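Single-structure report; data block below.
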Amino acid sequence: MAYKYSTFLYISLFSISLLLASSVEAQGVPASTFKADSTTLHAQQTPTKKSRVSDNKDYKIDNLHFGFKPFAPVSGMQKLTNNESDKVLSNVKVFPNQISDQISLSFKLNKDSNVSIKIMDALGNEVSTLLSQRLSSGEQNNSFNVGGKLNQGFYFIRVVAGTETIVKRIEVL
């Protein structure tokens, strides 16, 4: 979210500097006399060009602020990125996607965790619990027989490990 606003600010600053440069260049001052960075915009007229300002003095625009800094530091203990190594549960695969009686799941646990695998209907109601136990870290491959338990339609497989949840959609034929 902060990235969108800071990008907007830089685009705005760039647009303002171009507008200012073009308006001053129209007055006979080359745009090369402008310098802009993230928080300030400097414009200085050269004494060799004649200005349309009535007093013919050099002017400098300094410290142009919009009321906030473009890259304020993140406060608190927030993380901006969510690395794959930080996650407990990753690489969840459900196959085949169109099932009739057998379903296979594979996933990776980065540390030992309590894992539950449940089948949910389209409204979020629990239809069946396939697994609910503590598993060791590493690649996990499980197969479950669901023949006769599910009617034809779309369902969701919800895999929960610790506080992380991943949901995959399946179709039952």
(request) Using amide H atoms built 1.01 Å from N in the peptide plane, name the residues 5+ places from Ile170, or on other chains, whose amide H lies under 5 Å from its own. (result) Tyr155, Phe156, Ile157
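Only four residue types carry charge here, +1 at the Cβ of Lys and Arg and -1 at the Cβ of Asp and Glu. Report the dipole size of the range 84-172 about the Cα centre in Debye, rounded to the nearest 20.
Computed about the Cα centre, the dipole is about 40 debye.
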(message) Suppose a student asked you for the relative contact order of the range 84-172, using Cα pairs under 8 Å spaced at least 6 residues apart; what percent would you report?
(response) 33
(request) Enumerate the calculated ³J(HN,Hα) couplings along the range 137-154 in order (Karplus 6.51 cos²θ - 1.76 cosθ + 1.60, θ = phi - 60°), each rounded to whole Hz, writing x wherever the residue is Gly or Pro. (result) 5, x, 6, 10, 10, 9, 10, 10, 8, 10, x, x, 7, 10, 7, 5, x, 9
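Between Ser100 and Thr129, how high is the FRET efficiency from 1/(1 + (r/R0)^6) when r is the Cβ-Cβ distance and R₀ = 25 Å? Nearest 0.05. Intermediate results must be reported in sequence, preceding the final value.
Details: r = 20 Å, r/R0 = 0.81.
The formula returns an efficiency of 0.80 here.
Values quoted throughout were computed directly from the atomic coordinates according to the rules given, and no laboratory measurement underlies them. These numbers were taken from a predicted model, which means no experiment stands behind them. Neighbour counts are summed over all protein chains in view; Cβ atoms, including those assigned to glycine, are modelled from backbone coordinates with ideal geometry.
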